[in-house]
Structure formats: C-alpha cells, structure tokens
Amino acid sequence: MLLVLYELEANGAAPMAENTLHGIRYVLIAVIGLAFVSYVHNSEWLEVVNSALCFALIALLELEVRVAG
C-alpha cells in the first residue's frame with residue numbers, strides 16, 4: 001500500500017488531498033516501525049534486517065517524491 005501511495009503522489013494522480021496521503025503514509029511508516037521494535041525485542045534478526053531494508057526503501061522514495069515534487 002505504501003508503494004502505491006508513493007506512485008500516486010509521484011505521478012500526480014492521487015485521488016485525495018496531499019495532506020491525507022501524507023497522513024496515511026505516516027501511519028504506515030509507524031506500523032513498520034512498531035514491527036521493527038517488536039522484531040528486535042524478540043531477536044528475530046532476519047525480520048529486523050527486512051524492516052531495516054524497508055526503511056531504506058522508504059527513505060529513497062521520500063527523497064524522490066520531495067525532489068521531484
């Protein structure tokens with residue numbers, strides 16, 4: 001869902017207001033953050049690495065949306 005939101009915003013085809021998109025995106029990023037903390041707490045290291053890679057992808061997408069927009 002997060003990738004779809006980035007794609008919609010990058011192409012200017014968002015069916016809702018920009019503030020709504022940002023709010024949804026921040027909630028989804030918070031969910032990934034909570035999962036990350038849970039994985040660290042439970043020592044599930046493969047999932048920790050997976051979540052860290054998700055954060056790296058989010059950072060790249062945020063950079064692309066902000067620079068292109």
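A few remarks follow.
- Taking only the alpha carbons of region 29-69, we obtain Rg and Dmax values of 12.1, 39 Å in that order.
- 5 Å binning of all Cα-Cα separations within the chain, expressed as whole percents from 0 upward: 3, 17, 24, 22, 15, 10, 6, 3, 0
- Computed magnitude of the charge dipole of the chain (debye, nearest 20; Cβ of K, R +1, Cβ of D, E -1): 80
- For the chain, the membrane-span-like helix rule (DSSP H, alpha carbon extent of at least 15 Å along the helix axis, mean Kyte-Doolittle at least 1.0) picks out 18-41, 45-68; this says nothing about an actual membrane.
- Carbon and sulfur %, accessible surface of the chain computed with the full protein complex present, 1.4 Å: 69
- Nearest-0.05 FRET efficiency for residue 54 and residue 20, computed from C-beta distance (R0 22 Å): 0.50
- Relative protection proxy for 56-62, 17-23, from highest mean packing down: 56-62, 17-23 (other beta-carbon atoms within 10 angstrom).
- Accessible area expressed per residue, the chain, with surrounding protein chains retained (probe 1.4 Å, Å²): 69
The values are calculated or read from the model by the stated rules, or taken from the named source; none is laboratory data. Small disclaimer: the values here were computed from a predicted structure and weren't measured. Backbone-built Cβ (ideal geometry, glycine too); neighbour counts: all protein chains shown. Only protein heavy atoms, including side chains, enter the accessible area calculation; ligands, DNA and RNA are left aside. Shrake-Rupley method; radii C 1.70, N 1.55, O 1.52, S 1.80 Å.
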